[in-house]
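To start, the structure under review is shown below, and the notes come after it.
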Amino acid sequence: MTVRRRRSFRSVASVTAATLIAAGLSALAAQPAQASTVPSGFTDTVAIGGLTNPTAVVFGPNGRVFIAEKSGLIKTYDSLADTTPTTVADLRPRVHDFWDRGLLGLAVDPSYPTRPYLYALYALDAEPGGTYPRWGDGCPNPPGATTDGCLITGQLSRLTLDANHVMTGEQLLITDWCQQFPSHSIGTVAFGPDGYLYVSGGDGASFNYVDYGQTKNPCGDPPLPAGSNLSPPAAEGGALRSQSVRRPASEPVLLDGTVLRIDPDTGLGAPGNPFASSTDANKRRVIAYGLRNPFRFTVRPGTSELWVGDVGWSTWEDINRIPVANDATAENFGWPCYEGPNRQSGYDGANLNLCESLYAPGDPGHNAPYFTYNHSTNVVPGDGCPTANGSSITGLAFENGSTYPAEYRSALFFSDYSRRCIWAMKAGADGLPDPGQIVPFVVGGMNEGPVQVVSGPGGDIFYVAMNTGELRRVSYPTGNRPPTAVASATPSSGNAPLTVQFDGTGSFDPDGDTLGYAWDLDADGAYDDSTAAQPTYTYTSPGNVPVGLRVTDPAGASGTTTVTVTVGQPPSDDPVPVIDTPSPSLHWVVGQTISFSGHATDPQDGTLPASALSWQLNLEHCPSGCHTHVLQTFPGVASGSFTAPDHDYPSHLELILTATDSSGRTASTMVRLDPQTVTLNFATTPTAALQLVVNGTTLATPFTRTVIVGSANSLTAPTPQTAGKWAYTFGSWSDGGAQTHLIVAPATGTTYTAKYNKCTPGRPC
């Protein structure tokens, strides 16, 4: 499949409907937007475009805009009207831009530029205690990204900028967040109203299976040293790092799965924190823990409340509330022992001490989420936001001083990257967001990937659309609002002479005004060829003709659009990329090394050099619909290789080759690579209908699961269980594994049977 693109450009034109984008973490270049839906009277427009995988935006107190890109670049604009950015910093040599890792958090000092500091939160390409670069923007096999994992850390740095807003120095504030697997990395950094810096980070654990440190335990979590495979019930590794605050005082506290409150000048824990008297420096920083991937958080204006979005695993997405972020209470949101409002069955079934003590009667337990939504249901019935693509909450922001209608005042806006939507949770009578008053806000589009939502200039809601390389703005214009131009051409292609009927009657004015029409039918740049709503024009020369329509309301506000007419078969000026290898017939297994190669030609430049080629490897996770994870990029090469990843099935790889000619024109082509799969069977004896847990999902036996050959899968046989009048306790697995253990999917179908002992209820067994 080949996709041709023009050079991307920046647009600040007002567009009534724009795009909210879709699937997964990223895009190889800004892609054409498809119209999204916003409530009546609102506009969704591009504020800044032409970015590459943007992840975070922050607005300076002087109107300056700073934007982080996943690779490690930070750019700044004088204002939203600036079209030429300045590169603030290039952190790419130290940032691990791989899978969901990268430069993900950015904050500006509230007194900027008097205090000329930016704060960057990123995945550091270095092992604990090591130096960068360790892996480059990849992960070889071995150790394998999702096998043993390419171990890195997270880092928070304070960047000092000069008068030209360019970095002159970097002060390391925190290096921690041990990350074994390539997701649940670091998250947000932001200032609170108390002047202290708040920081979040994920658990760095496996997203495929129940992970308690059984795979070499590279972070060195108790009770055994690094390199040891941990086992229940004493294991404290993997996702259990999110509960490390609850370890005995003699054991180290890690920052994985926590929210921190720190001094912005030193990185030390702030005074008044819950564990301020601890001898452990990390523990002194923590104000909340028990989180899986607290990717984004926000402060409710006028309060010290912190609202945290936690990306869930198999069932739930959470919004958590910390009522007083600077008090002496540390909230425990329960991960991995809990997911959403319930116990997480995979970790519950593993009988881990850190979870069992959290379940115990009389234990203070965990803090339930403020709001949750299930992966299989709509946030709002009929909201138009697909559940088939998966779920991942990726943005939170409160309305703050906008021109929005009164019903949106003080609302909490939250986004889901996978569902391609933003919702508004309106304020209730007590001023808090009311889960009973949620409405869709930005819906639809097939390309955008909202990875951050913020309140910006004018109080408007802005969102970072990673997949289209845009910062987008949702406004509610007051006074006269500009119309939207919509044009069609029938036919839109054919041989010369070609007579085309144009139609602009789909154009509309949000204020209901009558519109005037002006057409540029001959593509000379002047809208002087017709004032009819439905003109006709005959083309006699071959070529691609961009026909323009301008509609104007009585007050002089206007909107424009173009529709392209293709006359004959004009030669393309775009480059032509070709993927030579691999073949789409390849069916890969986890850990397989796959080589790739390609070339490109151009009508004007001839054969393009390797430096004109760039590759992007995406993993499409498709529970029903698909969302995208960008795994790796390979700029400026004609060939290379990568390691096939481990992930839930259904999923497949997409390898994209983009060629850029000397004029900046680009074109891309893609090959889809499907995995080799196997069906695994699960059973229990002496009776069926007992429950087993596979990768965190509980099902009654017998059942089957289709997985990718070579994938790691966790099996748990919960014990005890009751069926009818009998009780059952676990005895053994047919493969000889422990009650909870990992299997690597074989190439042929296999049955795994858990053998139970039958007991009389109430009697020892």
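The values are calculated or read from the model by the stated rules, or taken from the named source; none is laboratory data. Everything numeric here is computed off the predicted structure, so don't read it as measured data. Here Cβ is always computed from backbone atoms with ideal geometry, including for glycine, and neighbour counts include all displayed protein chains. Protein only, heavy atoms only, side chains kept; ligands, DNA and RNA dropped before computing areas. Shrake-Rupley method; radii C 1.70, N 1.55, O 1.52, S 1.80 Å.
For the reader, a short list of remarks on this structure follows.
- Qualifying residues in the range 43-77 (those that are modelled with pLDDT under 95 and in a strand (DSSP E or B)) - the one surrounded by the most Cβ atoms within 10 Å (Cβ to Cβ): Asp44
- Candidates are the residues of the range 318-340 that are under 22 Å from Asn353 (Cβ atoms) and among the acidic types (Asp, Glu); the one that is nearest to the chain's Cα centre (by Cα) is Glu339.
- From the options Asn467, Asn480, Asn447, residue that is of a type outside the set (D, E, K, R), on the phi < 0 side of the Ramachandran plot, at pLDDT below 95 and open to solvent by 50 Å² or more (accessible area, probe 1.4 Å): Asn480
- Hey, Pro39 within 23 Å of Ala123 (Cα to Cα), of a type outside the set (A, V, I, L, M, F, W, C) and touching a residue at least 60 places away in the same chain (Cβ under 8 Å) or not: no
- Residues satisfying the stated conditions in the range 485-508, i.e. within 23 Å of Gly41 (Cβ to Cβ) and open to solvent by 20 Å² or more (accessible area, probe 1.4 Å): Val486, Thr505, Gly506, Phe508
- Of all the listed residues (Phe66, Phe42), the sole one being closer than 19 Å to Met466 by Cβ, out of contact with any Pro (no Cβ under 8 Å at 6 or more places or on another chain) and among the aromatic types (Phe, Trp, Tyr) is Phe66.
- The range 161-216 - residue that is over 23 Å from Thr114 (Cα atoms), out of contact with any strand residue (DSSP E or B) (no Cβ under 7 Å at 6 or more places or on another chain) and acidic (Asp, Glu) and, of those, surrounded by the fewest Cβ atoms within 10 Å (Cβ to Cβ): Asp211
- Cβ pairs under 6 Å, 6+ apart, first in the range 280-291 and at pLDDT 95 or above, second of a type in the set (Lys, Arg): Ile287/Arg261
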